[in-house]
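Read through the structure below, which is laid out as structure tokens, and then see the notes.
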Amino acid sequence: MARFNFEITSDAAMGGENRADSLCEMGLAYATGRGRPVDLVAAHKWLNIAAIKGSDRAAGLRADLAATMSKTDLAAALRAAREWMTVH
């Protein structure tokens with residue numbers, strides 16, 4: 001499982017050609033619990049970053065996910081995405 005995380009995170013951070021798609025897949029993995037516990041805050045974070053990087057699919061999924069989240073969790077996800085974007 002850690003290898004999956006590393007490959008996606010590494011590709012996304014290093015500017016791989018499928019950057020937005022990799023970030024979207026990371027968000028989906030957290031949203032569905034594929035290979036990890038479900039974490040909607042992390043899912044929204046990765047989908048938000050993917051949407052910023054140009055993924056229309058991630059933008060739609062992010063909107064759907066946001067509709068199910070509490071305001072507190074949504075704020076935490078937005079903060080986490082902002083922090084990640086600042087570093088990367």
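Table for the structure above
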quantity	calculated
Tabulated pairs, segment 25-53, first closer than 12 Å to ASP64 by Cα, second of a type in the set (D, E, K, R) and part of a helix (DSSP H, G or I), C-beta under 6 angstrom, 6+ apart or interchain	LEU47/ARG62; ASN48/ARG62
Helices (runs of 4 or more DSSP H) within the chain that include 2 or more residues modelled with pLDDT under 95 and polar (S, T, N, Q)	2-14
Filter result (touching a helix residue (DSSP H, G or I) at 6+ places or on another chain (Cβ under 8 Å) and under 20 Å from THR72 (Cα atoms)) within segment 22-41	GLY27, TYR30, ALA31, VAL38, ASP39, LEU40, VAL41
Residues being surrounded by 12 or more Cβ atoms within 10 Å (Cβ to Cβ) and not aliphatic (A, V, I, L, M) - total across segment 57-88	7
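The values are calculated or read from the model by the stated rules, or taken from the named source; none is laboratory data. Since the structure is predicted, the reported quantities are computational estimates derived from the model, not experimental observations. Quick reminder, even Gly has a Cβ in these numbers, built from the backbone with ideal geometry, and neighbours come from all protein chains shown.
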